Amino acid sequence: MTPSGDDGGIRLNHYLAQLGVGSRRACDALIAAGRVRIDGKVVRELGTKIVPGAHNVLVDNHPVGRAPRRLVFLLHKPKGFVSTVSDPQGRPTVIDLVRPVARKERLFPIGRLDVNTTGALLITNDGDLCYRLTHPRFGIARVYQVRVRGEVTDTQFRRLLRMAEEGVRETGRPRAARPAVEIVKQLEKEAILKVTLLEGRNRQVRLMCENVGLRVVALKRLSFGPVSVRKLPLGAVRPLERRELDRLEALTKGKP
């Protein structure tokens, strides 16, 4: 049997992502590089479809098989841990914190939080879910609590809000949520802000604050979509509940 687009199969990149090989984008790169074989033949066509179980699929000459049981964990990330699977500098990673509950699983974080940021981080073995929840076009809301030094002026506030909205204007797509900036509390020597963003650019909240002259004292991600760390202690990890997974799936339902 040969791969086909008319046999009820699924796209090869989707299949590989389900197996935890990587995100769909990473799997596309593997296919384009000629590192994937189906029934002994190198496949470079990104639109190739297969029927799981009917084809012999190799990645770098290693067979891939049945998709593992999908795991999704919520970690209340503490400071000092990098959001990667491994670190060449030998620093502790978020995967180290999940090992006690999933010792033998191949896991990776959904997006990243920088080493000094705390809060909600999802960790999974599902590359397709990782792709859907991190791609900008899906606009999954991320809510941050930011402590900054000094007073936030009206001008700084308006500039922060403009920067938060830039991603929506760039894509022009309707979103279920809207970006927002809110001053939660203004104290004598610092202010507490709540910032809602619809994509996870590297160090985005810190850079926004730096660009308007605000010094970040502490940064915490309160929630990723419908999943919150409100009742989860710092450094703790738990599996997502079924209702949380269903709500995450609903956010990208029907979108390619």
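Within the range 229-256, which residues are exposed (fewer than 12 other Cβ atoms within 10 Å of the Cβ), in contact (Cβ under 8 Å) with a residue 12 or more places away in the chain and more than 18 Å from Leu74 (Cα to Cα)?
If the condition is that a residue be exposed (fewer than 12 other Cβ atoms within 10 Å of the Cβ), in contact (Cβ under 8 Å) with a residue 12 or more places away in the chain and more than 18 Å from Leu74 (Cα to Cα), then Lys255 is the only one that fits.
Return yes when Val64 is under 20 Å from Cys27 (Cβ atoms), aliphatic (A, V, I, L, M) and under 16 Å from the mean Cα position of the chain (by Cα) and no when it is not.
no
Which residues, counting only those in the range 216-228, are open to solvent by less than 30 Å² (accessible area, probe 1.4 Å) and in contact with a Ser or Thr (Cβ under 7 Å, 6 or more places away or on another chain)?
Leu219, Arg221
Being of a type in the set (Val, Ile, Thr), more than 19 Å from Leu240 (Cα to Cα) and at pLDDT below 95 is the filter here; which residues of the range 74-112 pass it?
Answer for the range 74-112, where residues must be of a type in the set (Val, Ile, Thr), more than 19 Å from Leu240 (Cα to Cα) and at pLDDT below 95: Thr84, Val85.
Which one of these is part of a strand (DSSP E or B) and either free of Cβ contacts under 8 Å to residues at least 40 places away in the same chain or surrounded by fewer than 17 Cβ atoms within 10 Å (Cβ to Cβ) (or both): Arg25, Arg37?
After ruling out the rest, the residue left standing is Arg37.
Please list, ordered by residue number, the strands (runs of 3 or more DSSP E) wholly in the range 44-98 having 2 or more residues that are of a type in the set (A, V, I, L, M, F, W, C) and touching a residue at least 24 places away in the same chain (Cβ under 8 Å).
Here the list reads 57-59, 72-77.
Yes or no, residue by residue, for (1) buried (at least 23 other Cβ atoms within 10 Å of the Cβ); (2) of a type in the set (A, V, I, L, M); (3) part of a strand (DSSP E or B); (4) modelled with pLDDT of 90 or more:
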{"position": "Asp114", "(1), (2), (3), (4)": "no, no, no, yes"}
{"position": "Ala120", "(1), (2), (3), (4)": "yes, yes, yes, yes"}
{"position": "Ile123", "(1), (2), (3), (4)": "yes, yes, yes, yes"}
{"position": "Cys130", "(1), (2), (3), (4)": "yes, no, no, no"}
{"position": "Val143", "(1), (2), (3), (4)": "no, yes, yes, yes"}
{"position": "Val152", "(1), (2), (3), (4)": "no, yes, no, yes"}
{"position": "Thr155", "(1), (2), (3), (4)": "no, no, no, yes"}
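Would you check which residues across the range 197-215 are at pLDDT 95 or above, over 19 Å from Asn116 (Cα atoms) and open to solvent by less than 30 Å² (accessible area, probe 1.4 Å) and list them?
Within the range 197-215, just Val212 meets the criteria.
The values are calculated or read from the model by the stated rules, or taken from the named source; none is laboratory data. Note that the coordinates shown come from a computational prediction; the quantities given were computed from them, not determined experimentally. Glycine also receives a Cβ, built like all others from the backbone with ideal geometry; neighbour counts cover every protein chain displayed. Please note that ligands, DNA and RNA were not included when accessible areas were found on the heavy atoms of the full protein model with its side chains. Shrake-Rupley method; radii C 1.70, N 1.55, O 1.52, S 1.80 Å.
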